[in-house]
Amino acid sequence: MKIFALVLTITFLQACSHEAVELTFEEKLKVLEYAETMIGVPYELGGQSFQGVDCSGLLILGMNSIGVKEFLNIDDEFVDDVNANELALFNAKLITEPERGDWIAFYDETGNYYHISIFDSYTSDSILVLDASSAGNDWVEYRVIENIKEKPHDFVVPVKYVH
């Protein structure tokens with residue numbers, strides 16, 4: 001019985017072991033390039049296609065385009081779909097100085113990430129992002145977000161998991 005428990009424990013630990021590796025600059029640009037092919041696609045909550053897409057769906061499709069098909073969720077399981085909060089918390093790492101292709105995740109007063117975009121560039125008080133948002137024109141587009149310092153956010157670098 002002890003041998004069975006030991007084998008079960010080792011199997012569980014091997015299944016749960018995963019290493020988060022930051023995307024290279026080239027990989028981030030490929031994700032961005034794929035997302036650019038979706039400019040004009042309507043915003044649709046929960047959408048993940050050219051018929052309609054939301055913020056996390058846009059990033060997931062971009063990641064799929066470079067071969068990343070699994071994302072870590074809140075239950076520490078690998079799945080093919082996660083929300084903005086899970087993308088920012090479990091599929092990215094916090095950074096202070098973003099580069100083109102990194103992500104910006106916006107959070108509410110409880111600390112939950114409710115929106116995520118692909119970062120392009122910034123000036124002193126505004127940023128340019130590519131995203132799918134109902135706050136813009138209700139489709140995928142590049143848009144300027146003004147007064148960025150007043151909006152609670154984190155910059156994150158996307159990761160892929162090596163099993």
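The values are calculated or read from the model by the stated rules, or taken from the named source; none is laboratory data. Predicted, not measured: the structure shown is a model, and the values here were computed from it. Cβ: placed from backbone, ideal geometry, glycine included. Neighbour counts: every protein chain shown. The protein model used for the area step is the full one, side chains on, heavy atoms only, and it has no ligands, DNA or RNA in it. Shrake-Rupley method; radii C 1.70, N 1.55, O 1.52, S 1.80 Å.
Annotation: Gln51 fulfils all but one of (1) open to solvent by less than 80 Å² (accessible area, probe 1.4 Å); (2) over 19 Å from Lys160 (Cβ atoms); the unmet one is (1).
Scanning the stretch 111-144 for residues that are part of a loop (DSSP other than H, G, I, E, B), in contact with a Phe, Trp or Tyr (Cβ under 8 Å, 6 or more places away or on another chain) and of a type in the set (D, E, K, R) yields one hit, Asp138.
Cβ-Cβ contacts under 7 Å between residues 6 or more apart (or on different chains), taken from a first residue in the stretch 131-150 that is more than 15 Å from Ala105 (Cα to Cα) and acidic (Asp, Glu) to a second residue that is part of a strand (DSSP E or B) and open to solvent by 50 Å² or more (accessible area, probe 1.4 Å), are listed as Asp138/Pro42; Asp138/Tyr43.
I'm checking my understanding of the structure. Among residues of the stretch 115-163 that are basic (Lys, Arg) and over 17 Å from the mean Cα position of the chain (by Cα), which one is nearest to Lys69 (Cα to Cα)? Residue satisfying both the conditions and the ranking: Arg143. A Cβ distance below 9 Å, combined with a sequence gap of six or more or placement on separate chains, defines the contacts here; from the stretch 20-36, residues that are of a type in the set (Gly, Ala, Ser) reach residues that are open to solvent by 40 Å² or more (accessible area, probe 1.4 Å) in the pairs Ala20/Phe90; Ala20/Lys93; Ala20/Lys160; Ala20/Tyr161; Ala20/Val162; Ala35/Ser65. Is it fair to say Glu33 is among the charged types (D, E, K, R), at pLDDT 95 or above and under 18 Å from Asp120 (Cα atoms)? So Glu33 fits the description; yes.
Close Cβ contacts (under 7 Å, 6 or more residues apart or on different chains) running from residues in the stretch 84-104 that are at pLDDT 95 or above to residues that are of a type in the set (Lys, Arg) and surrounded by 17 or more Cβ atoms within 10 Å (Cβ to Cβ) comprise Gly101/Lys28; Asp102/Lys28.
Going through the stretch 127-161 one residue at a time, which ones are over 20 Å from Leu45 (Cα atoms) and open to solvent by less than 20 Å² (accessible area, probe 1.4 Å)?
First pass over the stretch 127-161, keeping only residues over 20 Å from Leu45 (Cα atoms): 127-128, 144-161.
Across the stretch 127-161, the qualifying residues are Ile127, Ile145, Ile148, Val156, Val157, Pro158, Val159.
Answer yes if at least one residue in the stretch 93-104 is outside any strand (DSSP E or B), open to solvent by less than 60 Å² (accessible area, probe 1.4 Å), within 20 Å of Val162 (Cα to Cα) and of a type in the set (Asp, Glu), and no otherwise. Please lay out each step first, then the result.
Within the stretch 93-104, the first condition is being outside any strand (DSSP E or B), and the residues that meet it are 96-102.
Now narrow it down to the ones that are open to solvent by less than 60 Å² (accessible area, probe 1.4 Å): 98, 101-102.
From what's left, within 20 Å of Val162 (Cα to Cα): 102.
Those left that are additionally of a type in the set (Asp, Glu): 102.
There is at least one residue in the stretch 93-104 that is outside any strand (DSSP E or B), open to solvent by less than 60 Å² (accessible area, probe 1.4 Å), within 20 Å of Val162 (Cα to Cα) and of a type in the set (Asp, Glu).
Would you confirm, using the coordinates I've provided, whether Leu29 is open to solvent by less than 20 Å² (accessible area, probe 1.4 Å) and either closer than 13 Å to Ile118 by Cβ or acidic (Asp, Glu) (or both)? No: the conditions fail for Leu29.
Glu146: of a type in the set (D, E, K, R) and either touching a strand residue (DSSP E or B) at 6+ places or on another chain (Cβ under 8 Å) or within 25 Å of Glu27 (Cβ to Cβ) (or both), yes or no? When the stated conditions are applied, Glu146 passes them.
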